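Shown next, in structure tokens, is the structure this report addresses.
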Amino acid sequence: MQTKNFSKLALILLLISIFILMFSFNILAQQNLTADQLIFDQSEEGAAIIEATNNVKMIYNEMVITGDYAKFEQGKQVVTFEGNVKMVMESGELTSDNLRYEMKNEYLEATGNVLLQAEDYKVESNDLTYDRSIKEMIFTGQQAYIEYGKITANADQIKVLNEENKAVLSGNVSGQQRSNKFKADQIEILNNGDKIEMTGSAQLNFESIEE
Amino acid sequence: MYFKDKKKIFLATILILIVVGGIAFSIYHEMNREEDIPQDNTNSTQEKEYLTNIDLELYNNDKTIMWNLDSGKLVREDEGNIYNMDSPSFEAYENEEILYTGHGNNAIYNNSEETISLSGNIEIDKNKLLLQTERIIWNQKDDIITGEKGVKLTSPELIITSEEFTAPVSLNRIEFKGSENSRAKVEWR
């Protein structure tokens with residue numbers, strides 16, 4: 001009697017597992033672009049060019065990108081988004097004015113009011129390049145700003161290495177850890193913001209404790 | 001008294017049968033003649049046959065693109081204002097070069113409105129592209145082709161689906177439109 005029940009239970013669990021597996025594969029396999037309007041054109045070489053306008057949404061390799069306008073060039077395997085761009089990906093949520101994504105190389109460029117809101121940090125800048133294959137993000141332009149753990153800082157360039165849980169800030173770095181201010185040519189923020197390593201000309205200003 | 005004579009009765013019966021038979025034959029013959037009238041009207045039959053042998057040629061406004069429309073059965077209605085075609089197939093040419101070919105279940109050409117509408121399982125082949133829809137209308141006044149219901153464009157790399165499309169007669173640039181419930185969609189193959 002118990003063996004029969006066990007067999008039934010095992011069978012049910014197996015079916016549920018198969019269902020979940022198939023459902024997951026289906027979600028992973030989703031690759032599409034939707035919009036209110038799509039214009040299909042072809043280049044001189046015959047490659048498709050698709051312009052999408054209004055409520056544009058692209059699902060591609062576990063990324064969801066939305067915007068006002070998008071242009072997909074099949075020959076180059078490049079998609080460009082313009083206006084109110086928002087991208088949800090494994091590293092967090094990215095918003096910007098414009099975004100260009102090279103599908104083949106998994107390389108992304110975002111420009112204008114770039115803001116990345118990740119679980120452990122937040123970065124603001126004018127420009128971003130992101131190499132998804134090595135999970136390296138480089139923020140540049142008009143003093144990029146980062147909040148990482150208890151650290152806030154500005155720099156000419158901020159490189160975020162997600163795999164290593166660290167950020168490298170270079171060029172006119174200035175910032176604050178709790179109430180301690182610092183300046184340096186380059187700093188590395190390690191261990192999710194618990195540790196800072198400074199290189200080059202560095203200056204630390206500790207807060208004076210008032211009694 | 002008179003009919004008591006058996007021979008005379010027999011003769012009278014034969015006569016009556018002959019008369020009744022004659023009348024019946026006359027009626028039968030008249031009915032057959034009436035049935036034969038449409039069949040004998042060879043003019044209309046010849047007109048339909050004659051129309052099926054015509055290739056309908058339609059041009060865009062600047063006469064650069066020509067549609068050659070053919071059909072298995074073509075019926076002329078409304079004094080030649082409307083042509084109703086079954087199983088139409090068409091070829092589009094630009095400067096004698098073929099642009100695309102297509103077919104559907106039915107086509108209606110309205111001469112006064114300058115429109116041709118095709119319906120039912122429409123498939124258009126353009127190079128490596130296949131455009132499918134349930135209905136298309138070519139308005140010759142503005143040379144715009146619109147398609148609706150089950151619109152699908154298949155290329156070797158992509159599939160586009162939408163509720164409707166509009167395009168110039170050349171079909172070089174196709175605009176797909178969706179709705180709030182069903183947006184136009186591109187899927188990578």
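The values are calculated or read from the model by the stated rules, or taken from the named source; none is laboratory data. Please read all numbers here as calculations on a predicted model, not as lab measurements. For neighbour counting, all protein chains shown are included, and Cβ atoms are generated from backbone atoms with ideal geometry for every residue, glycine included.
Just give me the residues in segment B:94-109 being within 18 Å of B:Val151 (Cα to Cα) and outside any strand (DSSP E or B), in sequence order.
Residues satisfying the conditions are B:Gly104, B:Asn105.
Being of a type outside the set (Val, Ile, Thr) and in contact with a Leu (Cβ under 7 Å, 6 or more places away or on another chain) is the filter here, so list the residues in segment B:107-129 that pass it.
Correct list: B:Ala107, B:Tyr109, B:Glu123, B:Lys126, B:Leu129.
Can you tell which of A:Thr140, A:Thr152, A:Thr129 is among the β-branched types (Val, Ile, Thr) and more than 20 Å from A:Leu108 (Cα to Cα)?
Exactly one of A:Thr140, A:Thr152, A:Thr129 is among the β-branched types (Val, Ile, Thr) and more than 20 Å from A:Leu108 (Cα to Cα), namely A:Thr152.
What is the number of the single condition among (1) surrounded by fewer than 19 Cβ atoms within 10 Å (Cβ to Cβ); (2) modelled with pLDDT under 95; (3) within 10 Å of chain B (Cβ to nearest Cβ) that A:Gln74 does not meet?
(1)
Return the only residue of A:Gly67, A:Gly75 being free of Cβ contacts under 8 Å to residues at least 60 places away in the same chain, outside any strand (DSSP E or B) and in contact with a strand residue (DSSP E or B) (Cβ under 9 Å, 6 or more places away or on another chain).
Being free of Cβ contacts under 8 Å to residues at least 60 places away in the same chain, outside any strand (DSSP E or B) and in contact with a strand residue (DSSP E or B) (Cβ under 9 Å, 6 or more places away or on another chain) holds for just one of A:Gly67, A:Gly75, which is A:Gly75.
What number of residues within segment B:130-178 are in a loop (DSSP other than H, G, I, E, B) and more than 8 Å from chain A (Cβ to nearest Cβ)?
8
Which numbered condition trips up A:Glu44, out of (1) in the same structural domain as A:Gly149 (by TED's automatic domain parsing); (2) acidic (Asp, Glu); (3) outside any strand (DSSP E or B)?
Answer for A:Glu44: the failing condition is (1).
Of the residues A:Tyr107, A:Tyr101, A:Tyr69, which is surrounded by 16 or more Cβ atoms within 10 Å (Cβ to Cβ), under 17 Å from A:Ser133 (Cβ atoms) and either in contact with a Pro (Cβ under 6 Å, 6 or more places away or on another chain) or more than 9 Å from chain B (Cβ to nearest Cβ) (or both)?
Of the residues listed, the single one that is surrounded by 16 or more Cβ atoms within 10 Å (Cβ to Cβ), under 17 Å from A:Ser133 (Cβ atoms) and either in contact with a Pro (Cβ under 6 Å, 6 or more places away or on another chain) or more than 9 Å from chain B (Cβ to nearest Cβ) (or both) is A:Tyr101.
Evaluate segment B:86-102: report whether one residue or more is in contact (Cβ under 8 Å) with a residue 40 or more places away in the chain, of a type outside the set (A, V, I, L, M, F, W, C) and farther than 17 Å from B:Pro168 by Cβ.
no
Would you call B:Ser112 in a loop (DSSP other than H, G, I, E, B), away from chain A (no Cβ under 14 Å), surrounded by fewer than 16 Cβ atoms within 10 Å (Cβ to Cβ) and not aliphatic (A, V, I, L, M)?
So B:Ser112 fits the description; yes.
With the structure loaded, tell me whether B:Gly120 is among the small types (Gly, Ala, Ser), surrounded by 19 or more Cβ atoms within 10 Å (Cβ to Cβ), under 20 Å from the mean Cα position of the chain (by Cα) and away from chain A (no Cβ under 14 Å) or whether it fails that test.
It is false that B:Gly120 is among the small types (Gly, Ala, Ser), surrounded by 19 or more Cβ atoms within 10 Å (Cβ to Cβ), under 20 Å from the mean Cα position of the chain (by Cα) and away from chain A (no Cβ under 14 Å).
For segment A:132-143, check the following and say yes or no: at least one residue is surrounded by fewer than 18 Cβ atoms within 10 Å (Cβ to Cβ), of a type in the set (D, E, K, R) and without any contact (Cβ under 8 Å) to a residue 24 or more places away in the chain.
No, because not a single residue in segment A:132-143 is surrounded by fewer than 18 Cβ atoms within 10 Å (Cβ to Cβ), of a type in the set (D, E, K, R) and without any contact (Cβ under 8 Å) to a residue 24 or more places away in the chain.
Between residues in segment B:3-29 that are in a helix (DSSP H, G or I) and residues that are exposed (fewer than 10 other Cβ atoms within 10 Å of the Cβ) and at pLDDT below 80, which pairs lie under 9 Å by C-beta distance while being six or more apart or on different chains?
Filtered contacts from segment B:3-29: B:Lys8/B:Tyr2; B:Ile9/B:Phe3; B:Ala12/B:Phe3.
Can you give me the number of residues within segment A:33-49 that are within 26 Å of the chain's Cα centre (by Cα) and surrounded by fewer than 16 Cβ atoms within 10 Å (Cβ to Cβ)?
0
Only one of these conditions is not met by B:Val186: (1) surrounded by fewer than 18 Cβ atoms within 10 Å (Cβ to Cβ); (2) in contact (Cβ under 8 Å) with a residue 24 or more places away in the chain. Which number is it?
For B:Val186, the exception is condition (1).
Any residue that is closer than 28 Å to A:Thr53 by Cβ and within 14 Å of chain A (Cβ to nearest Cβ) - is there at least one of those in segment B:80-99?
yes
Inside segment B:85-111, can you point out the residues that are out of contact with any Ser or Thr (no Cβ under 9 Å at 6 or more places or on another chain) and at pLDDT below 90?
Across segment B:85-111, the qualifying residues are B:Glu96, B:Asn111.
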